[in-house]
Amino acid sequence: MKITKLILVLPLIFVGLTYAIAQENWESDGEIEDVEIEIVKDREITLPKANRNFEKIAPVNFSGTRPELEYSFDNLNLPLPLLEVRVRPLRIKDQPLKKLYGNYIRAGFGNFLTPYLEGYVSSKRSRDMLYGAHVNFLNSRNGPVDNENSGSGELDVEGFGKHFGKNLTVGGDIGYHRRSYNFYGYPKNMEINDDSLSQNFNNIHLSGYIENTDKSSDLHFHTGIQFDYLKDNYSAEESEVQIDFNGSYKLGKQGTINLRSDLDIISQKDEDLDVKTRNIFGVVPTLTFEYEGFLIDAGFNVVYENDTLGDSDEIHFFPMARARYSLSSGFEVHAGIRGDVNKQTLRGFVEANPFLAPNARAFNQYNNFEFFGGIGGSLTSKLGFKAGVSLSSIENLPLFINSPVDQSKFIIIYDTGNSEVLNLNAQLSYNRNEILRLTLRGDYWGYDTDEVDEAWHRPNYKISALSTFKLVDKLRFEAEAYAIGGIKAINFNTAEEINLDSVFDFNFMAEYLVSDQFSGWLRLNNLLSQEYELLYNYPSRGLQVMLGATYSF
């Protein structure tokens, strides 16, 4: 052990002594002596010349053989366990249906002491049934002449219902309608009896129908029955029963057979009028088919009626034909001929002119023939148009004239000859994403009467513009404008022909939606405040203002 330690220590002692000696003599022994070194370059190295070989090395051809490769395919049948795939379908949360506010109550009040109330209620979101009711009340105590002497009013109470079956739909409605007027077309400063001015019309309406709704069926039909009863404030009464059928049957690609049939039974009574029951029965079979690009409806119209002024039974035959042709995807032209017996009723007459004298007779109108044609289509995705022309030969054209006995009442006269009526019409429609809807229409009528001098109280032209638009979501506007002219009347006291002034009427309504259920509105009628006359001696009300509100639930 001691020897080992000694061996390890000796080298250390030797290094230490060497370092000490070097440090001790470094000042005297560390100088560098001057020495000259001479480099002599006198040796030349000579290499022998090498011979260059310019011969090209010939290419070496390798000829080898491609070994034949053999492939073997072994079917590997690896038994795998059955994989059970469990798919969890993504479930979308049902979106709640937005609450439907289909029922409403609307109320307002306007000048001329005019209260207004309307209500509508119906069932909601049923696949099997729809039913409801409607009530409307509007009464103007005052009018344009002598205040209360020219007041008017209306009342409507209606109910309806439908049942939707798998293949059939059954429906019907019932209603009561009352219209109140006053005979205010008397001369100025004339003493009158207030009790003799009033005129009321009460109408009861009842109807029912059934139709098939199976879209896959080749047979489609609609049939119904309707009853109307009208009574005025005096002795006039009228009852009417209508039965109608409209059906079609597809013949595959060959075409469609159509059948329309109507039966009307009309009975009218009055104080000095004993009119027998009038019957009108018509059948219209037609065939619809395509030929050389034309879509054609061809058939005839057979009508039996006992309502001629000659008091005889007659059967009328009219041709029925129409052809349509598509010029392009957006334009279509059509032309045809038709004829019919147009029923006239007391109910229809009082809707056009409620100031009729007692014992007004209603007789049918005969459209012996009517040639018609037109064109229609879409100019853009938002703008559409149509235009047409028709020429008719009419027998028993009904006209209104003031009664020679009482200028405040009207009687009905008939042109028993053949009156020719020309109609030209054109219409433009614009719809921009429900923000703006606009319809412009113009009509011109030309009359060539036979047994009477003029087409009394019938206009020569009518121009109308209807528009609805929204500036913002909660503010909606409606506007209507009319221009009517060319109306002629006769004054029996002076035997003078009267040209009534042209009519310019402009109506406007603004409605602001406070919420989904409540809105307020303002309606302005006859903004130009013209007391125009559509019927001689009967000026209309001037500016009419009504303010109201609507509540939906």
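Share of region 370-428's accessible area from carbon and sulfur, percent, 1.4 Å?
Looking at region 370-428 in its full context, I get 63 percent from C and S.
For region 159-250, please report how many Lys pairs fall under 29 Å Cα to Cα, leaving out neighbours fewer than 8 apart on the same chain.
Total qualifying Lys-Lys pairs in region 159-250 comes to 6.
Sorted by accessible area (1.4 Å probe), largest first, how do PHE318, PHE300 line up?
If we order PHE318, PHE300 from most to least accessible, we get PHE300, PHE318.
Given an 8 Å cut-off on Cα distances and at least 6 residues of separation, report the relative contact order of region 174-253 as a percent.
Rounded, it is 26 percent for region 174-253.
If you stretched the chain out fully between SER267 and LEU440, how much longer would it get, using 0.36 nm times the residue separation minus the C-alpha to C-alpha distance?
58.3 nm
Determine the alpha carbon to alpha carbon distance for each of LYS276/LYS488; LYS382/LYS470; LYS343/LYS488 and list only those over 23 Å. Write down the numbers at each step before the final one.
Details: LYS276/LYS488 33 Å; LYS382/LYS470 16 Å; LYS343/LYS488 25 Å.
LYS276/LYS488; LYS343/LYS488, as the Cα separations exceed 23 Å there.
Grab the Cα-Cα distance for ASN167 and LEU534, subtract it from 0.36 nm times how many residues apart they are, and report the gain in nm with one decimal.
127.3 nm
Express in Å², to the nearest 10, the accessible area of SER515 obtained by rolling a 1.4 Å probe over the protein heavy atoms while all chains stay in place.
50 Å²
List the residues of region 215-256 whose backbone N lies under 20 Å from a point placed 7 Å from the Cα of THR277 along the Cα-to-Cβ direction.
The answer is 224-231, 236-245.
Using 7 Å Cα-to-Cβ label points, what is the HIS134/TYR104 separation (nm, one decimal)?
Spacing of the two 7 Å Cα→Cβ label points: 1.2 nm.
In whole Å, what are the extents of region 424-544 along the principal axes defined by its C-alpha atoms, from largest to smallest?
60, 30, 20
For VAL241, tell me the accessible area in Å² from a 1.4 Å probe, rounded to the nearest 10.
Rounded to the nearest 10, the figure is 50 Å².
How high is the FRET efficiency from SER326 to ASP453, r the C-beta distance, R0 45 Å, rounded to 0.05? Please report the intermediate quantities before stating the final value.
Working: r = 45 Å, r/R0 = 1.00.
For SER326 and ASP453, the calculated efficiency is 0.50.
Rounded to the nearest 20 Debye, what is the dipole magnitude of region 240-315 about its Cα centre when Lys and Arg each give +1 and Asp and Glu each give -1 at the C-beta? Could you put the intermediate results ahead of the total?
On the way: 6 positive and 16 negative charges, 143 e Å.
Roughly 680 debye, rounded to the nearest 20.
Compute the distance from the alpha-carbon center of region 364-430 to that of region 439-487, in whole Å.
If you average the Cα positions of each part, the centres end up 13 Å apart.
Rounded, prolate or oblate for region 243-308? Axes are the square roots of the Cα gyration tensor eigenvalues, ordered a ≥ b ≥ c, and the cut-off for rounded is a/c under 1.5.
It is prolate, given that a/c is not under 1.5 and a/b is the larger ratio.
Note the full-extension length gain between ILE204 and SER464 as 0.36 nm times their separation in residues minus their Cα-Cα distance, in nm to one decimal.
So the extension gain works out to 90.4 nm.
Give the Rg/Rh ratio for region 467-534, taking Rg as the radius of gyration of the Cα atoms and Rh as the Kirkwood radius, to two decimals.
Ratio value, two decimals: 1.27.
Taking a ≥ b ≥ c as the square roots of the Cα gyration tensor eigenvalues, with a/c under 1.5 meaning rounded and otherwise prolate when a/b beats b/c, else oblate, which class fits region 310-442?
Oblate is the answer for region 310-442, as a/c is 1.5 or above yet b/c matches or exceeds a/b.
With a 1.4 Å probe and all protein chains kept in place, how do TYR291, TYR181, TYR512 rank by accessible area, largest first?
Largest accessible area first, the residues go TYR291, TYR512, TYR181.
Extending each Cα 7 Å along its Cβ direction at ASN425 and VAL472, get the distance between those two points in nm, one decimal.
Label-label distance for ASN425 and VAL472, simple model: 4.0 nm.
In whole percent, what relative contact order does region 97-152 give with Cα contacts below 8 Å and a gap of six or more residues? Don't skip to the end; give the middle numbers.
Working: 93 pairs, mean separation 15.0, N = 56.
With pairs under 8 Å counted, the relative contact order is 27 percent.
Using only Cα atoms, locate the centre of region 268-342 and the centre of region 236-254, then give the distance between them in Å, rounded to an integer.
Each part reduced to its Cα centre gives a spacing of 13 Å.
What accessible surface, in Å², does a 1.4 Å probe find on TYR131, ignoring ligands, DNA and RNA and rounding to the nearest 10?
120 Å²
The values are calculated or read from the model by the stated rules, or taken from the named source; none is laboratory data. Not measured: the values here are computed from a predicted model. Glycine gets a Cβ as well: all are built from the backbone with ideal geometry, and neighbour counts include every protein chain shown. The accessibility values were calculated without ligands, DNA or RNA, using every heavy atom of the protein model including side chains. Shrake-Rupley method; radii C 1.70, N 1.55, O 1.52, S 1.80 Å.
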